Amino acid sequence: MSTLSLTPICAPATPLLPSAVVVLRVSGPDLSAVLLPFVALPPPRVASLRTLCWGGFRERALVLFFPGPASYTGEDVVEFQIHGNPLLARRLLQHLGTLGVRLAEPGEFTRRALLNGKLGLLEAEALRDLVVAETDAQIRLAQARAGAEPDWISEARRGLAPWMARAEAVVDYGEEEGILLNLKDLAKAMEPFRARFHVEQVRARAARHLQDGIRLALVGAPNSGKSTLFNALAGEDRAIVTELPGTTRDVLEVRCEWRGLPLRLFDTAGLRESEDPVERLGVARVGPVLEMVDLVLHLIPAGVETPDLVRTMLVPFQAKVLVVHTFADLCPAPGLAIATTLGDLDALETGLKERLLGGLAPDACLGALATGRQLELLDELGKQLDLLVDLDAGCFPELPASLLQGAWGLLARLTGEDRADSALDALFGGFCLGK
């Protein structure tokens, strides 16, 4: 695909912090001519030293030139590697502005790469997730999605195309030409795709939790083992642990990775009636945390009854409550039981994976779709195929034709062939300037 004739753009590709080197990136058509008053570009893909002079500054820089379309954006791209003084970098960006090179908007380099056919929408979304990943698991998930389009999407296209053409032919010429659409054969042909879509839905929901980080709230009465578990999952002593009830007065938060699961943990104040105004404030802050987390771990010491206050507070959140019996080394307990001080947390790992990952191991989610946009479209695809497979034999041919067209359109939106500007704005707004 030919490159787009757009105004040249520039941005720092590395943070503007005191450092050894800062990289500034320029992209646009015919950069040799645009930058000629400032610097003679070196041969393509050969790093060359150049002396840059502007506004009283004299800087020795390493310059690289990547002619389009064989570049990241599909346009000419030039990189300047200069000494890592933030002020010097800003002055160079200002000088580029005098040459007609404007400062890039967030994600504009990658947006141009997408528009010029250098990468697909799914790959761009994976790249964004890679840039913001905070754990090893999130990096692996993003990297696994950064390659070619998933095979199941290509297979679905090949399977839908002939049936869509036949259904449209029946609608347009069926009566005249005697063309019929056998719905039993259609259902049989669509069943494997429907099954695959539902498998990908499970994988996508699990991958979404892993990509965003699983938000867990530890809740229970005082001395139920919340802070001890919080520290064990975090891998460090972040919460104070004592035998005195009411030690935790506020909500503590930490991001960590535990057994391959990226977690965002919230340790909350012990839930009990209290006259202490500080402790009551801590209890009052538990409710908003429960609303925003993915799962509430209700910690109950083995052999102890749950106080009425705790039960009452958890009623609105029962759909996402997972009961965890603590101190199982001191007293046998039914269900999911752990002994944190002994490191016996296998049951908790299993429980988290069953509730949030559909029983999948994190590695089983590699390559799965993971963004909210992708999951929403995948859910719609599943619904379309459910309706197709379950059509009544006597329905009008316009109905299967419409459902097939709808599924085809959803696949196009999923891969970015049918793009909406609002969707692209939301995607690239999450990138840094130099990406």
So which residues in region 155-183 are modelled with pLDDT of 90 or more and of a type in the set (Lys, Arg)?
Arg157, Arg158
Within the group Arg215, Arg255, Arg264, Arg249, which residue is part of a loop (DSSP other than H, G, I, E, B) and either at pLDDT below 85 or within 30 Å of Leu375 (Cα to Cα) (or both)?
Arg249
Would you tally the residues in region 187-201 being hydrophobic (A, V, I, L, M, F, W, C) and either under 20 Å from the mean Cα position of the chain (by Cα) or not in a helix (DSSP H, G or I) (or both)?
2
Given the conditions (1) among the small types (Gly, Ala, Ser); (2) closer than 30 Å to Glu417 by Cβ; (3) part of a loop (DSSP other than H, G, I, E, B), every one holds for Ser27 apart from (3)
Odd one out for Ala70, checked against (1) aliphatic (A, V, I, L, M); (2) at pLDDT 90 or above; (3) not assigned by TED's automatic domain parsing to the domain that holds Val46:
(3)
Region 390-409 residues that are farther than 18 Å from Lys188 by Cβ, paired with ones that are part of a loop (DSSP other than H, G, I, E, B) and modelled with pLDDT of 90 or more (beta carbon under 7 Å, 6 or more apart):
none
Looking at this structure, is Arg112 in contact (Cβ under 8 Å) with a residue 40 or more places away in the chain and of a type in the set (D, E, K, R)?
yes
Which numbered condition trips up Ala207, out of (1) modelled with pLDDT of 90 or more; (2) more than 25 Å from the chain's Cα centre (by Cα)?
(2)
Looking at Arg45 and the list (1) over 30 Å from Glu149 (Cα atoms); (2) surrounded by fewer than 13 Cβ atoms within 10 Å (Cβ to Cβ); (3) not small (Gly, Ala, Ser), which single condition is not satisfied?
(1)
Residues of region 53-71 being closer than 13 Å to Pro29 by Cα and either buried (at least 17 other Cβ atoms within 10 Å of the Cβ) or in contact with a strand residue (DSSP E or B) (Cβ under 8 Å, 6 or more places away or on another chain) (or both), in sequence order, are Phe65, Phe66, Pro67, Gly68, Ser71
Return the total of residues in region 284-337 being under 15 Å from Ala217 (Cα atoms), over 27 Å from the mean Cα position of the chain (by Cα) and assigned to a loop (DSSP other than H, G, I, E, B).
1
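The values are calculated or read from the model by the stated rules, or taken from the named source; none is laboratory data. Everything quoted here is computed from the prediction, not taken from an experiment. We place every Cβ from the backbone using ideal geometry, glycine too, and count neighbours over all the protein chains shown.
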